[in-house]
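Read-outs throughout are calculated quantities, based only on the coordinates presented, and are distinct from any laboratory measurement. Keep in mind it's a predicted model, so treat the numbers as computed, not measured. Using ideal geometry, Cβ is built from the backbone for each residue, glycine included, and neighbour counts are taken over all protein chains shown.
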């Protein structure tokens with residue numbers, strides 16, 4: 001296979017960066033959500049704070065789903081071909 005042209009390589013790197021960002025958002029949201037649940041129970045916070053953290057975690061998951069779907073669409077359309085060459 002021929003090496004990818006610079007614009008394709010840049011697109012692949014941007015896609016990889018997006019995927020890493022999604023992974024960090026998912027992991028960070030879950031860690032913060034777990035910590036908030038633990039602290040809320042430990043310090044006997046009102047239920048409205050639990051719901052606040054629940055909705056924040058849901059928003060992070062929704063954002064991650066949307067960005068993951070965009071990455072998937074890019075890869076299927078061939079815009080990020082470097083990533084699919086390893087598979």
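For residue 14 and residue 39, what does the FRET efficiency come to when R0 = 41 Å and r is the distance between their Cβ atoms, rounded to the nearest 0.05?
Approximately 0.65, to the nearest 0.05.
If I fit a long axis through the Cα atoms of helix 47-77 and take the longest principal axis of the Cα atoms of the chain, what angle between them do I get, 0 to 90°, rounded to 10?
Computed tilt is about 10 degrees.
Among (1) 42; (2) 58; (3) 16, which is the computed percent of Cα pairs over 23 Å apart?
Recomputing percent of Cα pairs over 23 Å apart here picks out (1).
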